[in-house]
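The values are calculated or read from the model by the stated rules, or taken from the named source; none is laboratory data. The structure presented is a predicted model; accordingly, all values stated were derived computationally and were not measured. Cβ placement follows ideal geometry from the backbone for every residue including glycine, while neighbour counts extend to all protein chains displayed.
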Amino acid sequence: MRPLSRVQSLLAKPFMPAVFFLSGVTYDTLTLTRIDRLLDNLVLLLYLLLLGLLIVLTGRLGIEPAPDPAQLKTLSPVGRWVLQTRPFYPMASQFLLGGLFSAYAIFYFRSATLTSTAVFFSVLVIFLVANEFLRDRLSNLRLLVSLYALVCFGFFTFFLPVMTGYMNVLVFLGGAVLSGAVTFRVVELIYRNNPDRSRREAVGVSVPAFAVIALLVGFYFLNWIPPVPLSMTFGGIYHEVKKTDDRFELSFERNWYQVWKQSNSTFPSDEPVYCFTAVFAPVSLNATVYHHWYFRPSRELPFRHADRIPVRISGGREGGYRAYTFKQRLDPGDWRVDVETEDGRIIGRVSVRVELRAEPQPPLTTIVY
């Protein structure tokens with residue numbers, strides 16, 4: 001059996017998709033560190049370029065039948081290799097899609113919260129898992145181009161803010177336009193001077209892809225997309241916050257057995273309350289975020305606005321830009337602080353229950369962040 005046939009036989013084994021899936025996710029988890037790391041972004045950009053090339057080759061050459069030996073003799077070594085590897089195009093596309101979706105899932109997980117902003121993250125996870133079952137369908141151009149539009153959109157959503165240092169609706173729409181332009185270029189390369197393909201088919205392939213981009217733009221205006229590249233790395237409620245040199249000392253209640261506790265979950269109503277957060281941002285990005293305080297007197301009632309305090313952050317610190325806001329003499333009930341972008345997308349959330357207390361206060365513990 002020829003080496004190429006042996007490889008093809010091994011890759012056809014039923015357990016290989018699971019191997020590719022687990023190895024790809026493990027590799028991305030260990031190697032993808034910061035969203036503003038140049039090498040990580042270049043690797044993802046290379047994945048996008050290779051995937052676009054594979055889609056063009058799939059559209060122009062197909063994946064079957066086996067090439068005619070007489071035809072192969074007339075081609076260059078590169079041309080022969082391109083034709084001989086056609087059966088592997090779906091598997092290679094699956095690998096690249098898996099690498100991109102797992103990377104996006106990691107980056108967006110850091111920015112997603114258990115609110116409506118988790119919608120886009122959930123979509124990425126669904127496609128990450130579904131990709132392992134799509135190999136037999138990845139010769140379908142309509143599906144391939146639509147998935148390509150999705151991964152382009154996911155990339156430019158965080159890449160442009162990282163590169164420009166700005167995070168606003170114009171930068172986001174610029175990413176959507178770039179995604180559409182790259183997808184359109186791939187479709188154009190498939191159908192240009194291709195006698196085996198019709199213009200009507202090109203329209204049928206393009207429309208679902210652009211519908212995906214339009215849908216995701218709608219997600220943005222519904223605040224359903226996490227606010228990457230920002231992410232909250234730490235947050236809590238404290239009795240006191242002191243800054244000494246480059247360290248913040250955070251004091252909170254903790255009994256001796258509560259070794260896992262890092263902040264207050266309940267708070268007395270007659271003391272000042274501090275909300276401390278650390279928000280990661282890329283090196284070049286400076287932005288204003290908000291500590292949006294909400295209150296409800298009982299769990300049967302909805303939260304209502306109490307205060308919205310701006311906090312100016314600077315990017316670059318590994319553990320996130322640290323800042324705090326405080327309030328005095330809060331009414332008893334449930335309080336929460338949503339850490340928001342200027343357009344209201346939630347980066348993170350801190351919650352606490354304020355109570356009237358008669359019993360002595362537990363001892364305070366101080367941690368340094």
Quick check on region 343-358: of everything there that is exposed (fewer than 13 other Cβ atoms within 10 Å of the Cβ) and small (Gly, Ala, Ser), which residue is nearest to Ile309 (Cα to Cα)? Gly344
Using the structure shown, decide if Ser298 is outside any strand (DSSP E or B) and among the small types (Gly, Ala, Ser). yes
Flag if Gly320 is at positive phi, under 20 Å from the mean Cα position of the chain (by Cα) and free of Cβ contacts under 8 Å to residues at least 60 places away in the same chain: no
If you go through Val241, Val337, Val273, the only one that is surrounded by 14 or more Cβ atoms within 10 Å (Cβ to Cβ), outside the structural domain of Phe109 (by TED's automatic domain parsing) and within 28 Å of the chain's Cα centre (by Cα) is Val337
Of the numbered conditions (1) outside the structural domain of Gly180 (by TED's automatic domain parsing); (2) over 16 Å from Ile346 (Cβ atoms), Ala214 satisfies every one except a single condition; which is it? (1)
Can you name every residue in region 161-171 that is surrounded by 20 or more Cβ atoms within 10 Å (Cβ to Cβ) and assigned to a helix (DSSP H, G or I)? Pro161, Val162
Selection within region 251-309 - among the polar types (S, T, N, Q), in contact (Cβ under 8 Å) with a residue 40 or more places away in the chain and out of contact with any strand residue (DSSP E or B) (no Cβ under 7 Å at 6 or more places or on another chain): Asn255, Ser284
Residues in region 222-267 that are more than 21 Å from Arg312 (Cβ to Cβ), at pLDDT below 90 and among the hydrophobic types (A, V, I, L, M, F, W, C): how many? 6
Residues being over 20 Å from Phe326 (Cα atoms) and among the polar types (S, T, N, Q) - total across region 237-266: 2
Filter region 57-72 down to the residues that are among the aliphatic types (A, V, I, L, M) and modelled with pLDDT of 65 or more, then identify the one that is surrounded by the most Cβ atoms within 10 Å (Cβ to Cβ). Leu57
Is one or more of the residues making up region 224-236 of a type outside the set (D, E, K, R), farther than 24 Å from Met167 by Cα, in contact (Cβ under 8 Å) with a residue 24 or more places away in the chain and not assigned by TED's automatic domain parsing to the domain that holds Met167? yes
Mind listing whichever residues of region 177-210 are over 26 Å from the mean Cα position of the chain (by Cα) and polar (S, T, N, Q)? Asn193, Asn194, Ser198
Can you tell me which residue is nearest to Leu49 (Cα to Cα) among those in region 182-206 that are surrounded by fewer than 18 Cβ atoms within 10 Å (Cβ to Cβ) and at pLDDT 90 or above? Arg185
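Every residue, every condition in (1) of a type in the set (A, V, I, L, M, F, W, C); (2) at pLDDT below 75; (3) over 30 Å from Arg345 (Cα atoms); (4) touching a Ser or Thr at 6+ places or on another chain (Cβ under 6 Å), yes or no:
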position	(1), (2), (3), (4)
Ala12	yes, yes, yes, no
Ser23	no, yes, yes, no
Arg37	no, no, no, no
Ile55	yes, no, yes, no
Thr74	no, yes, yes, no
Val78	yes, yes, yes, no
Qualifying positions in region 310-332 - out of contact with any Asp or Glu (no Cβ under 9 Å at 6 or more places or on another chain), buried (at least 16 other Cβ atoms within 10 Å of the Cβ) and part of a strand (DSSP E or B): Val311, Ile313, Tyr321, Arg322, Ala323, Tyr324
Does region 337-349 contain any residue that is of a type in the set (A, V, I, L, M) and farther than 18 Å from Ser231 by Cβ? no
Condition check: surrounded by 20 or more Cβ atoms within 10 Å (Cβ to Cβ) and touching an Asp or Glu at 6+ places or on another chain (Cβ under 8 Å). Does Val368 satisfy that? no
Among the candidates Glu300, Glu271, which residue alone is out of contact with any Asp or Glu (no Cβ under 7 Å at 6 or more places or on another chain), closer than 25 Å to Arg254 by Cβ and either of a type in the set (Ser, Thr, Tyr) or modelled with pLDDT under 95 (or both)? Glu271
